[in-house]
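Peer 1: Below is a structure I'd like to ask you about.
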Amino acid sequence: MAWAILVVSGVLEAVWATALGRTEGFTRLVPTAVFGVAIVLSMAGLGLAMRELPVGTAYAVWVGIGATLTVAYAMLTGTQPFSWSSLLFLAMIVGGVIGLKAVH
């Protein structure tokens, strides 16, 4: 169950990071509200997952999922340019996350 909570928390990290970029300095209500809810739920989930998983592993997986999804979403929406090298490095992050899960 801890791994499922951690994955959801990682997805929520991508949500709050993306919403943060759209708040325009916390002047836009909807992105600011999405940011606030997502960051609280993401951190709470990370904390719950850390009850059963090692801190280093949980944190690395959480950041890896969040960073990968944030960059992938930005490339898909055109707010960040696509490049094959970026895709390669994202694949390396995903490989590292899978590796951490495998050795746990």
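Readers should treat all values here as calculations from the given coordinates under stated rules, not as data from a laboratory. These figures come from a predicted structure and were not determined experimentally. Cβ placement follows ideal geometry from the backbone for every residue including glycine, while neighbour counts extend to all protein chains displayed.
Peer 1: What is the order of 92, 50, 1, 43, fewest Cβ neighbours within 10 Å to most? Please list the in-between numbers first.
Peer 2: Numbers: 92 12, 50 18, 1 8, 43 15.
With the sparsest Cβ surroundings first, the list reads 1, 92, 43, 50.
Peer 1: Sticking with this one: What order do you get for 18, 32, 27, 79 when you list them from fewest to most C-beta neighbours inside 10 Å? It would help to have the intermediate numbers written out before the result.
Peer 2: Values: 18 20, 32 17, 27 8, 79 11.
Ascending Cβ contact count within 10 Å gives the list 27, 79, 32, 18.
Peer 1: What relative contact order, as a whole-number percentage, does region 34-104 give when Cα pairs under 8 Å and 6 or more residues apart are counted? Each step should come with its number before you reach the end.
Peer 2: On the way: 23 pairs, mean separation 22.5, N = 71.
About 32 percent, as a whole number.
Peer 1: Which log10 I(q)/I(0) values, to two decimals, does region 2-103 give at q = 0.25 Å⁻¹ under the Debye formula with one point per Cα?
Peer 2: Log10 I(q)/I(0), no solvent term: -1.22.
Peer 1: Further question: With a 10 Å Cβ neighbour count serving as the proxy for reagent exposure, in which order, fewest first, do 8, 34 appear?
Peer 2: Details: 8 15, 34 18.
Taking fewest neighbouring Cβ atoms as first place, the list is 8, 34.
Peer 1: Now, a different point. For a Förster distance of 30 Å, can you work out the FRET efficiency between the beta-carbons of residue 55 and residue 92, rounded to the nearest 0.05?
Peer 2: On the way: r = 22 Å, r/R0 = 0.75.
The formula returns an efficiency of 0.85 here.
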